[in-house]
Amino acid sequence: MGNVYRFPGSDLPPDFETKMPDDIDVKHCYRHPDRETGVSCSNCGRPICHECMIPAPVGFRCPECVKEQNARGSRAKVVTRGQTRSRWDGGALGGYGGGLSVTKVLVAINVIMFVVELVAGATGIMGGGSAQAMVNLGGLWPAAVLEGHEYWRMFTSMFLQDGIFHILFNMWALWVIGGFMEVILGRVKFLLVYFISGFAGSVLVIVAAPVNSLVVGASGAIFGLFGALAVHAFLNRGRDFQSRALLGNVLFLLVINLVFTFSAGRVSWQAHIGGLVAGAATMLAMMLAGRKDPRQQFGTADGLAVAAIVLVLVAVTAWRVLTFTVPM
């Protein structure tokens with residue numbers, strides 16, 4: 001802390017004024033006369049308070065000037081702070097909202113299943129464990145899907161983790177970005193993005209991974225959430241500063257994670273890439289390429305777009321199963 005200096009004695013120096021000069025012109029907001037302000041509209045000059053200030057390329061503008069500008073069809077769209085807060089309300093900025101959080105439910109299910117894995121010997125605290133026990137619990141074994149048609153493994157593997165560091169990293173990422181995306185999308189659309197992304201990761205695993213590999217983890221679905229958030233921020237980048245800043249941060253994290261994906265051993269790049277692409281595509285469909293707020297109710301157009309993504313994934317799975325031949 002800085003030092004505090006006091007004048008000697010109890011009297012203030014003669015030139016120290018304790019009253020505001022009488023000739024100062026105090027302005028009041030033209031819409032709220034009871035509020036003093038020092039800010040004026042950069043277009044018309046009317047004084048405006050904090051509630052009426054609308055960010056403009058230079059300074060702030062009053063609601064009437066913004067309304068007139070929009071009526072003329074100007075390309076420069078101004079977004080109020082209230083609209084910005086509404087777009088990003090919740091998540092990392094304000095909690096998960098009221099009611100049951102599906103993000104917390106997903107984290108709880110993963111933790112419970114990790115305890116089951118430890119008891120069954122499917123994994124150890126530091127990883128490893130019995131591969132057969134992991135397969136019995138629902139691990140994604142491509143050979144079982146392609147030969148035995150055990151398609152349920154493409155979903156159950158999303159709730160299995162290999163070791164304490166695996167589950168800690170995945171659940172931390174799910175907790176942070178999941179809570180954010182759940183508020184942006186709503187519970188139903190959030191679950192759609194999550195499971196479509198996880199399913200897409202499994203599809204790419206059975207298409208491109210060795211048939212005798214064993215893949216577990218929620219990272220495919222989590223990569224899908226990252227992809228969805230990147231698309232949401234990209235489509236809103238021209239509407240508020242927060243979207244532009246968030247887009248840069250998300251892309252930076254994605255680059256770091258992709259470098260780790262392709263450089264570290266025992267990491268399924270197929271699950272990560274499949275989930276990332278599907279999550280981005282699903283968000284793009286839900287937003288109709290930027291023409292719709294994803295929090296709005298499902299319409300026919302975006303419903304058909306999301307259904308088309310699922311059908312493509314099912315078709316690729318069917319193609320892989322039908323064209324699979326047992327290695328000699």
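The values are calculated or read from the model by the stated rules, or taken from the named source; none is laboratory data. Please read all numbers here as calculations on a predicted model, not as lab measurements. Glycine also receives a Cβ, built like all others from the backbone with ideal geometry; neighbour counts cover every protein chain displayed.
Tally time: how many residues in the range 273-303 are more than 15 Å from L229 (Cβ to Cβ) and either in contact with a Gly (Cβ under 7 Å, 6 or more places away or on another chain) or not assigned by TED's automatic domain parsing to the domain that holds A230 (or both)? Residues meeting the conditions: 1. Taking A301, is it without any contact (Cβ under 8 Å) to a residue 40 or more places away in the chain and over 27 Å from T156 (Cα atoms)? Taking the combined requirement at face value, the residue satisfies it.
The single residue among F252, F223, F234 that is under 16 Å from the mean Cα position of the chain (by Cα) and surrounded by 21 or more Cβ atoms within 10 Å (Cβ to Cβ) turns out to be F223. For the range 200-212, the count of residues that are among the polar types (S, T, N, Q) and either over 22 Å from A315 (Cβ atoms) or surrounded by fewer than 21 Cβ atoms within 10 Å (Cβ to Cβ) (or both) is nonzero. Being under 16 Å from the mean Cα position of the chain (by Cα) and free of Cβ contacts under 8 Å to residues at least 12 places away in the same chain is a property that A318 lacks.
Within the range 297-328, the residues that satisfy the criterion of being loosely packed, with under 14 Cβ neighbours inside 10 Å and in a loop (DSSP other than H, G, I, E, B) are Q297, G299, T325, V326, P327, M328.
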